[in-house]
Structure formats: structure tokens, C-alpha cells
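The values are calculated or read from the model by the stated rules, or taken from the named source; none is laboratory data. Remember, it's a predicted structure, so these values are computed and weren't measured experimentally. Reconstructed Cβ throughout: ideal geometry from the backbone, glycine too, with neighbour counts over all protein chains shown.
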Amino acid sequence: MSFTIRPVVSADTLALSRICLLTGDAGQSAEPLHRHPELPGLAWALPYVLLPSEIAHTWGFVLVDDAVPDEDHTTKAIKGYIVGASDTRAYESATNLEWWPDLRVRFPLKSDGEKRTKADQKYIDLLHRGPDPALEACLAVSTAHMHINLLPEVQRRGWGRKLIGYAVNHLRGQGIGAVWLGIDKRNTAAMNFYEKLGFKGINGAPNNLMALELNTWNEPRIE
Ligand SMILES: CC(C)(COP(=O)(O)OP(=O)(O)OC[C@H]1O[C@@H](n2cnc3c(N)ncnc32)[C@H](O)[C@@H]1OP(=O)(O)O)[C@@H](O)C(=O)NCCC(=O)NCCS
């Protein structure tokens, strides 16, 4: 099987939402936890694709199965993604203005009889409260943060490393020297992956926040 990495486009959003769900419980599927399966993607993936990148300073790449026709934007074709924002504070402002308000209307805080799971409600509480702003300790390392998720069938085959390589290349092109991310504390597999790639803990931040200094990345980008 061969795959291509290309920039994400808005037609990819359903696939991103699905991938986010299928990896959304500390790396495992969150599908059984939700009646509203779109919630994880709405919180952690879609704003990076659907907000105007000139305002939110977002970017993203997807891993696409070459055997599936170009016009297929489902998870038949799209097997993983990496998304991020080069200016985290700008991203936070953009989501506060342009993203969370509509979702608060779509998902009222109180369910009013509609069936919700505990996990749904946790996300709905989050979108009403807004995610916590990034820690200054993280921003001192870099303005840029990211998220990466691959479907189980393509994990442990080197694609995560390659997607990070694309992100590194993109961020270097913007003159950025490091990138950081947050990891669910239960997701030890992801922590091991990041450590292997050279991510390190961040001074003054909890140990589930890690950063990569881009000058330590010396792998060739594999096309
Ligand atoms: C975590 C994730 C992005 C890693 O991507 P991947 O394609 O599976 O990882 P790669 O195959 O590129 O591995 C790169 C290196 O990390 C190591 N690695 C990957 N997963 C690992 C694990 N669970 N434990 C130990 N090492 C691991 C690999 O052995 C490899 O090292 P090597 O080249 O020296 O052998 C991917 O597995 C994933 O999306 N998981 C589910 C969602 C998730 O947890 N996302 C992260 C949220 S913070």
C-alpha cells in the first residue's frame, strides 16, 4: 500500500472528525462513549481546517491512501492527520470569536431531555467554558502547537514520524523554532512516540505537555 501526504482541505473534515473520534479516548476509540460522535472533532480538529488560516494561523496535512480516488474524502482515503496553529494566542482568539459561539447554540449546556452521554456532556461543558488558554510556559518555548492522529490500521508504520516531518518543514518555513502539544496522561503510547522523536518536557509545565526543538530534527522528508 502506498500513501501520500498533502495539505488538508475543507472537504476532508468529515474524515478528520471520524479519525478524531476513533482515536479520541487517550489514543483508543471514543466511539462507544458518545451519542454525539462529532463532538471530539468539533473541539480538537475541525477549527484548524475550517477557520480562515490567515486569522487563526492554522495549518494541516493528511495521509491519503493512493489506491482510493482523489475525490474520496472519507476515511477510505484519509487515514491520518496533523493539524496545528503557528500562533496559539491568535488561534485562541479566533476560536473564541468564530468557533465556540455557534457550537454553544447548537449544543445548549442543559440537555432538555435529549439523550447525552457523560462524555458528550464533558465536551459540551468544554465548548461553553472554552478550553483553557495555553500556559505561558508553553508559549515561552513556542507560539506553535499541534495535534496528530492516525487510524489504527496505519499506526506503527512510520507515518506518524513522516507527518511530524511535514509539520517541522512547514513551521521552519515560517521561521518557527519549536512546537509543543498536550497529551492525555493515560496515553503512554503517544508519550513514548514523542520521546522517541525527540520531544521533551517543558519547564514549568505538567509532564503531559511536550515540545520539539526543530533544530534537533534532522530527518530527511520522505515524499
Ligand atoms: C501516536 C501516533 C501519532 C504515532 O504515530 P505512528 O505512525 O504510530 O508512529 P511511527 O510508526 O511513526 O513511530 C515513530 C517512532 O516512534 C515509536 N513508537 C510509536 N508508537 C510507539 C509506542 N506506542 N511505544 C513505543 N514507541 C513507539 C516507533 O517505534 C518509531 O520508532 P523507530 O522508528 O525507532 O522504530 C499514532 O500511533 C496515533 O495516532 N495514535 C492514536 C492517536 C494518538 O494517540 N495521538 C496522539 C495524541 S497526543
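Couple of notes before you dig in:
Here is a yes/no grid of residues against (1) within 16 Å of the ligand (Cβ to nearest atom); (2) farther than 16 Å from PRO47 by Cα:
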{"position": "ASP65", "(1), (2)": "yes, yes"}
{"position": "ILE78", "(1), (2)": "yes, yes"}
{"position": "VAL83", "(1), (2)": "yes, no"}
{"position": "ARG89", "(1), (2)": "no, no"}
{"position": "ASN96", "(1), (2)": "no, no"}
{"position": "PHE107", "(1), (2)": "no, yes"}
{"position": "LYS115", "(1), (2)": "no, yes"}
{"position": "LEU126", "(1), (2)": "no, no"}
{"position": "ALA137", "(1), (2)": "no, yes"}
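- Restricting the range 170-223 to residues that are part of a loop (DSSP other than H, G, I, E, B) and among the aromatic types (Phe, Trp, Tyr), the residue that is farthest from LEU135 (Cα to Cα): TRP217
- Residues in the range 132-160 that are of a type in the set (A, V, I, L, M, F, W, C) and not in a helix (DSSP H, G or I) were compared, and the one that is surrounded by the most Cβ atoms within 10 Å (Cβ to Cβ) is ALA144.
- Considering residues of the range 18-56 that are out of contact with any Pro (no Cβ under 8 Å at 6 or more places or on another chain) and among the small types (Gly, Ala, Ser) only, the residue nearest to the ligand (Cβ to nearest atom): GLY27
- The combined condition, being touching a residue at least 40 places away in the same chain (Cβ under 8 Å), in a loop (DSSP other than H, G, I, E, B) and more than 13 Å from the ligand (Cβ to nearest atom), is not fulfilled by ALA119.
- Of all the residues in the range 145-160, those that are near the ligand (Cβ under 6 Å from one of its atoms) and not basic (Lys, Arg) number 7.
- The range 30-75 - residue that is acidic (Asp, Glu) and under 24 Å from GLU114 (Cα atoms) and, of those, surrounded by the fewest Cβ atoms within 10 Å (Cβ to Cβ): GLU31
- Close Cβ contacts (under 7 Å, 6 or more residues apart or on different chains) running from residues in the range 32-44 that are of a type in the set (A, V, I, L, M) to residues that are outside any helix (DSSP H, G or I) comprise LEU33/ASP25; LEU33/THR117.
- Residues in the range 161-206 that are away from the ligand (no atom under 11 Å from the Cβ), loosely packed, with under 13 Cβ neighbours inside 10 Å and free of Cβ contacts under 8 Å to residues at least 24 places away in the same chain: GLY173, GLY175, PRO206.
- Residue in the range 30-49 that is in a loop (DSSP other than H, G, I, E, B), within 20 Å of ALA144 (Cα to Cα) and modelled with pLDDT of 95 or more present: yes
- Residue, nearest to the chain's Cα centre (by Cα), within the range 84-116, restricted to residues that are of a type in the set (Asp, Glu) and in a loop (DSSP other than H, G, I, E, B): ASP87
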